[in-house]
1. Would you confirm, using the coordinates I've provided, whether residue 192 is farther than 24 Å from residue 115 by Cβ, at pLDDT below 85, surrounded by fewer than 20 Cβ atoms within 10 Å (Cβ to Cβ) and not hydroxyl-bearing (Ser, Thr, Tyr)?
2. Among the residues of the range 471-483, is there at least one that is in a helix (DSSP H, G or I) and open to solvent by 30 Å² or more (accessible area, probe 1.4 Å)?
3. Looking only at the range 421-454, filter to residues that are within 17 Å of residue 364 (Cβ to Cβ) and assigned to a helix (DSSP H, G or I); which one of those is most open to solvent (accessible area, probe 1.4 Å)?
4. Please go through the range 403-414 and give me each residue that is within 15 Å of residue 387 (Cβ to Cβ) and either polar (S, T, N, Q) or in a loop (DSSP other than H, G, I, E, B) (or both), ordered by number.
5. Whether any residue in the range 137-151 is open to solvent by less than 40 Å² (accessible area, probe 1.4 Å), of a type in the set (A, V, I, L, M) and closer than 30 Å to residue 38 by Cβ is what I want to check.
6. In the range 370-422, what count of residues is obtained for those that are polar (S, T, N, Q) and under 24 Å from the mean Cα position of the chain (by Cα)?
7. Within 24 Å of residue 338 (Cα to Cα), out of contact with any Asp or Glu (no Cβ under 7 Å at 6 or more places or on another chain), of a type in the set (Val, Ile, Thr) and in a loop (DSSP other than H, G, I, E, B): does that describe residue 461?
8. Of the residues in the range 42-58, how many are out of contact with any Leu (no Cβ under 7 Å at 6 or more places or on another chain) and either closer than 16 Å to residue 279 by Cα or assigned to a helix (DSSP H, G or I) (or both)?
Amino acid sequence: MKELIVSRYIRWAVSLFLGIGVFLFWNVAYPQTMNYQEQNQLFLFTADYLMERISVAGGLADYVSEFIVQFYYIPWVGALLLALLFVIIQYLVGILLSRVGRNGFILSLVPPVLLLAYMGDIHVLLSFPVAWMFALLVTVGMGNRCRVADVCVIPLLYWLVGPAAWVYVWCRMLVFGWKWGWTALYLLAVQWLASVSMLQQWPLESVMNGLNYYFIPKQTPAMQHVVVLSVPLLLLLARWLEKMNSHRNWLWGMQLVLVAMIAFVSIGRSYDDDLHELLMQDKLVREGKWTEIIQRAEKHQVKTAFSSNCVNLALAQRRQLADRMFTFYQSGEDALIMPRMRDNMSAFPTMEVFWKLGMVNSCLRYASDLQESILNARKSGRLTQRIIECHLVNGNYPIAQKHIDLLKKSLFYRDWAERMETMLGNETLIDNDRVLGKVRKYRFKNDFLYNYEEIEKMMGILFVGNPDNKMALDYFMGSMLLKGNVQGFGQYMSWVQQYGGYPSMPMGYQDVMKCIQAEGNVPGSPYAAYVKRMMNEKGGNR
């Protein structure tokens, strides 16, 4: 009895340790990953939304996962829900392991560890672990019931959670014997019938591996199969450990070492530091935490145009761009505003730059393109907000109303949408709004064709239209410097002196003038170093 009580306390301690670790992992180390997932979906509390999800295999898991992901909007709540999900998975695996032996409980940590490593891939959707959890839950709940029940359970489980139903089949065979082997052929037949009847529009590969487990269609990483197969493999290992007549403490120690090794090897190699730093910059841009962006870049800056756009935007918002622009990494002519990229990530900082500058139509175009580039055809709360703001500024109220009605069916965007609804057709409210009114004053007064190759001229037109738009002036001067147009820079220095609002000439511009006068021979000059690097890169390209 005493040994049983001690064992129970150890189990609780292991689950508590896992839960706290997972919570801290997501809330402290990787909240930016949750932000990325949340901004690529929009959960709606409507019957149509539910029916759309459950009309395909794995739909229930997809629906539940998107319900959870919406809480990523508040990072600590999202991290708490993820911790709970991981603990439930670990607990269910522990129950299955206890059915084949008494010595394998610590091994129940292996599947959550592998799952944590797999989720280092930002394209892994939460639908996969949720489906996996449901499959384990049904496996534990069914126990040693009549085999005839599987005739109904297997197709129903497949339709609700997708191919994660294979976990149910494998576990029943390993826990209760190979007399359940027929269920594997039965599940294969169910998947094939679903593919040729109700899921004809999807490739057979997707039907077999999961329609909504991975963000990129028709791709299934090998790690997904490793995670799923970990449970039946652990059942085999636990059965082998049960046959060993060794001291339990020794076995637990060996299992802890195994778990630690798997965690070190898998998790340590699964999270790309540079990628997640870019995701963090995107998160901070969304939240308007400009000082934090600058402070992080001072310690480490990823050498990409995406990072340059984020850091330069932060500098501009703090009126430090003229002083410090070239003390940070500049990717080239695209360091202030990137051209349109065919993905659902690169254009986010450029969209925000356009919005801050007052280039409303360009911002709207980028936001709409980003919305449509979400590969699994979901909507985005963040992008829908920006689309609404652009239409309000432009006075397109019927279109704004359509998007507002969509956000009113969500949880965390509802209050914001209702506030925007009060501005529909109310020019006074829009003009007096701190954000919308400012952008409306900054925007272009006349129409013209957009040309990325002459983006600096558009900055100049913005500034001439409203000299209060200091960011347009900073971007106008900065764009010429990035292109090496020192003649134009010198020509428009009078604008900086007259309208820039600086008490003295910015240090960055002083450095540029010295470089011009000394023909680049200024040791320690940030701008001279940039020009030299650009010349070397262009020479290398030739």
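1. Judged against the criteria, residue 192 is not a match.
2. No: the range 471-483 contains no residue that is in a helix (DSSP H, G or I) and open to solvent by 30 Å² or more (accessible area, probe 1.4 Å).
3. Of everything passing the filter in the range 421-454, 438 is most open to solvent (accessible area, probe 1.4 Å).
4. Across the range 403-414, the qualifying residues are 408, 410, 413.
5. no
6. Going through the range 370-422 one residue at a time, the tally reaches 7.
7. no
8. Residues flagged as out of contact with any Leu (no Cβ under 7 Å at 6 or more places or on another chain) and either closer than 16 Å to residue 279 by Cα or assigned to a helix (DSSP H, G or I) (or both) within the range 42-58 amount to 7.
The values are calculated or read from the model by the stated rules, or taken from the named source; none is laboratory data. No experiment lies behind these values; they were computed from the predicted model shown. A quick note on method: Cβ atoms are made from the backbone with ideal geometry, for glycine too, and the neighbour counts reach across all protein chains shown. We work out accessible area using only protein heavy atoms, side chains counted, and drop any ligands, DNA or RNA first. Shrake-Rupley method; radii C 1.70, N 1.55, O 1.52, S 1.80 Å.
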